[in-house]
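The values are calculated or read from the model by the stated rules, or taken from the named source; none is laboratory data. Computed from a prediction, not measured in an experiment: that's the story for all the values here. Using ideal geometry, Cβ is built from the backbone for each residue, glycine included, and neighbour counts are taken over all protein chains shown. For accessibility, only protein heavy atoms count, side chains too; no ligands or nucleic acids. Shrake-Rupley method; radii C 1.70, N 1.55, O 1.52, S 1.80 Å.
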Amino acid sequence: MKYLLKRLLQLIPLLLVLTFVIFLSIRAVPGDPVEVMLGMGAPENAKAAERARLGLDKPFIVQYFTFLGNVVRGDLGTSMSTGNKVMYEIVRRFPNTLILALGGTLVAALFGIALGVVAAVRQNKFTDNAIMVLSLLSVSTPSFFLALLLMLLFSLYLGWLPSIGMRSWQHAILPIVTLGTQAMGMVARTTRSSMLDVLSQDYIRTSRSRGVSERVIVYIHALKNALIPVVTVLGLRFGGLLAGATLVETVFTIPGLGRLMVDGVLKRDYPVVQGTMLVFAVSFVVVNTVVDLIYGMIDPRIKYE
Amino acid sequence: MKKLLTWVLFSALLLGLAGAPLANAETAYKDSFIYVTANDQDTMDPMWNVSNDKVLKQVYSSLLTRDADGNIVGDLATEWSVGEDQVTWTFKLRQGVTFHDGSPFDASSVKATYDRLLDTENPTRYTEQTAGYIVACNVVDDFTIELVTASPYGAFLANLMGAHQILNPKTLEQYGEDFGKTPESINGTGPFKVVAWDRDEQMVFEAFEDYYGGAPATKSFTIMIIPEANSRTIAIETHQVDIADGIGAEDLVRLGEMDGIKVVKIKSIGQHLLQFNASDQSILHDARLRQAVSYALNRQEIVETLYPGDDPSTAPLSPKTFGYHNFGTIQQDQEKAKALMAEAGYPDGFDITIMVTPVYIKGVEMGELVKSQLAEVGINVNLEVVERAVFLASLGGLTPEEYKQTYGYDMFIMGAGPSTADAHGGLHRLYVTDPGNTNTNNYGFYSNAKVDELLNAGAMETDQEKRLEIYKEAMQILYLDDPVGVWMNDRYNAYVMSDKVEGFSAGVTGVVYFNKIKVAK
């Protein structure tokens, strides 16, 4: 509990630095929201009026502290391009992102761990090599490309699954499979090497000599101890997915946080970029903390004071 | 009695049998359909909208509009005429028209609209432009209005579209700054009402049964936003949607041959060009070097490679724009290009920087082809690829010196096409010498006294035949003698749809007539 509190308190300076960097960097790139909104040939007086309305005519530091003050009050500001509250835009998209992140991580965990264990048990045999080639393929296939392939196969040729939007559970299948497949390889490789490491330990040899069945050794004794690096990989992946899977969201036309932020950057919609980055940072830290807590559950030797 | 009953039943059976084929022959139509496009509207406030007319026209009406053939026809005005002074235009307004919220349309709506558009104290996106030629809007009676121009103005009628959609005074007042941003704040007299709008996802429209032009053919439709081109193609191929636009040229050919799908291509007012930086801060200030670049390029090759099916341009305007004259496509002539370079003092070639952006379809690829073709005559191109926000930031408010310092482009890609479909809109704002010498409107700092004189004359002249002559003379200079840019291709708007779609039509400016569309079940 104390540990959790400490972690959350550590978040405050991190967020302060982060907000400042984001605030500065998005304004440092050429182009501003008014130029993007009013397009080519917009008269200077209209641009000035728009800048004043959005408060962009105020000094940088004033804008920054106004933003900070609003954040403290729980207000992430208003999108310059849509006029909607940034919080509303985020909340509206969050369920989609959560479904993709959970689904993708789950698929990666189930298949990745299973394949990794099998590969470790059959080390240097054909099955192991086949699984490692598969993992390499899965890690190195760009999600964009994989998504299009799956769309071609399951939507166009077979006609089984829809390819656009997120309106039913069927819509979630292809994007989740895309994300899961991508992470699966990494998980399989990590599981394999970690398993090999554990399987060569003395206590495993002892168990074997005591006549414990191989199945129990692999799935109960070894796997549990091999899971720590795997959980780390999965945690990082999940945290990353909570920040949106921009390419997959774009290909499958799913309104998620990744697309929101990229659209925000392209439109120079400062409040949207600031708001989404803040949410990403917080969720990443939260996920990491949870992963740390899971370590303790897997290995009771790990304790936080 | 029994006999009678038998007869009745028998005849009913016969009638039923006879009726059955008839009922089958009548096609059943869907209650709604889905249209897919790449980008959402920025706002549904016509005076701030820079997206396009495609969606605005579903909801709003203006005094005048263009029909599918490009002719100017009455919309909310039924008759119009100009007084002897050539500056006072009188419009008779359509009676019995209502807004979506049921309130009546009359001269006060027009007055409120123009008061807002012309308010230089609180300018909108289009105020400066409009206040430049309209000086007053006067109510004559409930259904007659006068618009007064600063001077005789030849392109006047063509301008009364776009930002000039007639708004509801009450709605304007009620929503203020938020006008046009939510479905409730969108209140027009057009064929459809907006009932839902999820930004960057979809916009849902419902038929406005009291539309003065008659109730739309289908009860509702959705415009869905799919930013990724391949995803749009798959969506239409799998019939998850009914109509799609913005499909790449290579897919159009393939889709056109598929069963169950048809492609409608409509030549638009749009063109692609590479514009020159003609300021004294660029090497291309010298017209001979601009001509050299122009002659060094093989437009047919570029267009055939990147935009199969499109036509190489033949003038600084598309054939669909009033004022067009066919000068023919400029043919590649490398010897002539080299001679011009030698004459200008660069016999061994020179270096330029060209900016391109993927905002325009195949924009980057166009830059690459141009680079390789120019290399053949010794012009060395440094290609810079930028994203939309940088592209937009580079166009506007800069002096040639500032432009050189920040960007330093000698040429840049441009998509042009006047939403008014008139030469004035297509040429005047872009190529007349800018009084402040900035690139707010005249992106390439172009300046030619003769062109200024002609384009100003074309604006004032009200005899449309004479205007054609004036623009021909101006375009001779812009296109050939002192070129503004290299025009590549005249663009088509292509629409891919299920073959069950009936009644599809679209105008040269990209307006789709959604109210005529029906989709068979």
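Averaging over every viewing direction, what projected area does the convex hull of the Cα atoms of region B:155-214 cover, in nm²?
Computing the convex hull of the Cα atoms and averaging its projections yields 5.5 nm².
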Overall form of chain A per C-alpha gyration tensor (a/c, 1.5; a/b vs b/c)
oblate
Considering chain A as a Gaussian network with a 10 Å cut-off on Cα pairs, which listed residue, A:ASN45, A:ASN225, A:ASN124, attains the greatest mean-square fluctuation?
A:ASN45
Excluding same-chain residues fewer than 8 positions from B:LYS450, which lysines have a Cα within less than 16 Å of its Cα?
B:LYS472
The farthest towards the positive end of the charge dipole of region B:356-435, of the residues B:ALA423, B:THR406, B:GLY396, given +1 on Cβ of Lys and Arg and -1 on Cβ of Asp and Glu, is B:ALA423
Which value, to two decimals, describes the C-alpha radius of gyration of region A:189-287 once divided by 2.2 N^0.38 Å?
1.67
If the cut-off is a Cα-Cα distance under 23 Å, which lysines reach B:LYS30, setting aside same-chain residues fewer than 8 apart in sequence?
B:LYS54, B:LYS57, B:LYS193, B:LYS219, B:LYS262, B:LYS500, B:LYS516, B:LYS518, B:LYS521
Debye, to nearest 20: dipole size of region A:224-305, +1 on Lys, Arg Cβ, -1 on Asp, Glu Cβ
100 debye
Calculate, for A:THR141 and B:VAL139, the FRET efficiency according to 1/(1 + (r/R0)^6) with r their C-beta to C-beta distance and R0 51 Å; round to the nearest 0.05.
0.15
For chain B, divide the Cα radius of gyration by the Kirkwood radius and give the resulting Rg/Rh value with two decimals.
1.04
Length-normalised contact order for region B:412-521 - Cα pairs under 8 Å, 6+ apart - percent:
17 percent
Taking a probe of 1.4 Å and leaving out DNA, RNA and ligands, the protein assembly as shown shows per residue an accessible area in Å² of 43 Å²
Please compute the volume of the convex hull spanned by the alpha-carbon atoms of the protein assembly as shown and report it per residue in Å³.
257 Å³
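Mind checking the dipole of the protein assembly as shown: about its Cα centre, +1 per Lys or Arg Cβ, -1 per Asp or Glu Cβ, Debye to the nearest 20? If you can, show how the numbers build up before the last one.
On the way: 69 positive and 89 negative charges, 972 e Å.
I would put it at about 4680 debye.
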Can you give me the angle between helix B:363-375 and the longest principal axis of chain B, using Cα atoms only, in degrees from 0 to 90, rounded to the nearest 10?
30 degrees
Identify which of A:PRO142, A:PRO13, A:PRO229 has the largest mean-square fluctuation in a Gaussian network model of chain A, with springs joining Cα atoms closer than 10 Å.
A:PRO13
The distance between the Cα centres of region A:214-237 and region B:442-521, in whole Å, is 66 Å
Would you give the gap between the C-alpha center of region A:4-57 and the C-alpha center of region B:296-341, rounded to a whole Å?
42 Å
How many square angstrom of accessible surface are buried between A and B, both sides summed, with a 1.4 Å probe and rounding to 100?
3600 Å²
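Are there trypsin sites (Lys or Arg not before Pro) in region A:16-90 that DSSP marks as loop and that have at most 10 other Cβ atoms within 10 Å, and which are they? Write down the numbers at each step before the final one.
On the way: sites: A:ARG27, A:LYS47, A:ARG51, A:ARG53, A:ARG73, A:LYS85; in loops: A:ARG73.
In loop regions of region A:16-90 (DSSP not H, G, I, E or B), the sparsely surrounded trypsin sites (Lys or Arg not before Pro) are A:ARG73.
Take the alpha carbon gyration tensor of region B:275-371, find the square roots of its eigenvalues, order them as a ≥ b ≥ c, and report rounded if a/c is under 1.5; if not, report prolate when a/b exceeds b/c, else oblate.
prolate
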Report, ordered by chain and residue number, the aspartates and glutamates lying within cross-link reach of B:LYS466, taken as a straight Cα distance under 15 Å and ignoring same-chain residues fewer than 8 apart.
B:ASP422, B:GLU453
Averaged over the residues of A:251-261, the number of partner chain Cβ atoms within 10 Å of each residue's own Cβ comes to 3
So which trypsin sites (Lys or Arg not before Pro) in region A:204-305 pass both tests, a DSSP loop state and at most 14 other Cβ atoms within 10 Å of the Cβ?
A:ARG210, A:ARG301, A:LYS303
Region B:208-246-region A:72-149 distance, computed between alpha-carbon centres (Å)
31 Å
Taking θ as phi - 60°, what are the ³J(HN,Hα) couplings along region A:273-286 by the Karplus curve (6.51, -1.76, 1.60), each to the nearest whole Hz, with x for Gly and Pro?
4, 4, x, 5, 4, 4, 4, 4, 4, 5, 5, 5, 5, 4
Listed residue (A:PRO30, A:TYR3, A:ALA46) projecting farthest to the positive dipole end of region A:2-72, Cβ model
A:TYR3
Considering the options A:THR289, A:VAL251, A:GLY275, tell which one lies farthest towards the positive end of the dipole of region A:251-305, charges being +1 on Lys and Arg and -1 on Asp and Glu at the Cβ, about the Cα centre.
A:VAL251
Which ³J(HN,Hα) values, rounded to whole Hz and listed in residue order, are derived for region A:56-64 from phi using the Karplus coefficients 6.51, -1.76 and 1.60 in 6.51 cos²θ - 1.76 cosθ + 1.60 with θ = phi - 60°, glycine and proline given as x?
7, 7, 7, x, 3, 5, 5, 4, 5
Length-normalised contact order for region B:59-172 - Cα pairs under 8 Å, 6+ apart - percent
31 percent
How high is the relative contact order of region B:268-491? Use alpha-carbon pairs under 8 Å, at least six apart in sequence, and give a whole percent.
34 percent
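Label region B:59-172 by shape, choosing from rounded, prolate and oblate, from the square roots a ≥ b ≥ c of the eigenvalues of the Cα gyration tensor; if a/c is under 1.5 it is rounded, and otherwise prolate applies when a/b is larger than b/c, oblate when it is not. Don't skip to the answer; put the middle values down first.
Details: a/c = 1.37, a/b = 1.14, b/c = 1.20.
Taking the square roots of the gyration eigenvalues as a ≥ b ≥ c, region B:59-172 is rounded.
Using unit Cβ charges (K, R positive; D, E negative) and no other charged atoms, how large, in debye to the nearest 20, is the dipole of region B:276-417 about its Cα centre?
Values: 10 positive and 19 negative charges, 67 e Å.
That gives region B:276-417 a dipole magnitude of about 320 debye.
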Summing -39500 (n - 2.57) over every DSSP H run of at least 4 residues in chain B and dividing by its residue count gives a helix-only mean residue ellipticity at 222 nm, to the nearest 500 deg cm²/dmol, of -8500 deg cm²/dmol
For B:TYR409, tell me the accessible area in Å² from a 1.4 Å probe, rounded to the nearest 10.
10 Å²
I want the local charge near B:ASP69. Using Cβ-Cβ distances under 13 Å, sum +1 for each Lys or Arg and -1 for each Asp or Glu among the other residues.
+2
